[in-house]
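The values are calculated or read from the model by the stated rules, or taken from the named source; none is laboratory data. Just so we're clear, the structure is a prediction, and the values are computed from it rather than from any experiment. When we count neighbours, we look across all protein chains shown, and the Cβ atoms used for this are built from the backbone with ideal geometry, even at glycine.
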Amino acid sequence: YGLLGIIGFVFFAIYIQSVFSASNQLQDVKTKMYNALSKGEMLVNLKLIKSRNVGLVILLSIITLGIYAYYLLVALSKEINSFVEQDKELRNKLILQAVKSS
């Protein structure tokens, strides 16, 4: 059972690192895209998903016997939902801006 727990934490660490990396890259690309497409009329910063340290996440998950992992899941879900909502609003503003300028 102990070995399976360690393997589980290794896979959890790999997964959470990929989630953090993908969310940071997506936020950077979306921010640059909106700022470029709006031609300076909208200054956008889509940094709504917090950057976290994977080692600290693993440590806190071990110390709290996995409770922190569940908290992180809920917190990430809220942050991702906020990001998606903000992204939708910015797309609508950009579409309106394009329609008005044509």
Is it true that some residue in the range 51-71 is loosely packed, with under 15 Cβ neighbours inside 10 Å, within 13 Å of the chain's Cα centre (by Cα) and at pLDDT below 90?
yes
Out of the residues in the range 6-26 that are exposed (fewer than 15 other Cβ atoms within 10 Å of the Cβ) and small (Gly, Ala, Ser), which is nearest to residue 63 (Cα to Cα)?
8
Condition first: on the phi > 0 side of the Ramachandran plot and either in a helix (DSSP H, G or I) or not small (Gly, Ala, Ser) (or both). Now tell me which residues in the range 7-44 satisfy that.
39
If you check every pair at least six apart or on different chains, which have Cβ atoms under 8 Å apart with a residue in the range 6-30 that is polar (S, T, N, Q) first and a residue that is outside any helix (DSSP H, G or I) second?
23/49; 24/49; 24/51; 27/46; 27/47; 27/48; 27/49
Please find, among 84, 44, the residue that is of a type in the set (A, V, I, L, M), surrounded by 10 or more Cβ atoms within 10 Å (Cβ to Cβ) and modelled with pLDDT under 85.
44
Could you count how many residues in the range 45-55 are in a loop (DSSP other than H, G, I, E, B) and closer than 25 Å to residue 66 by Cα?
6
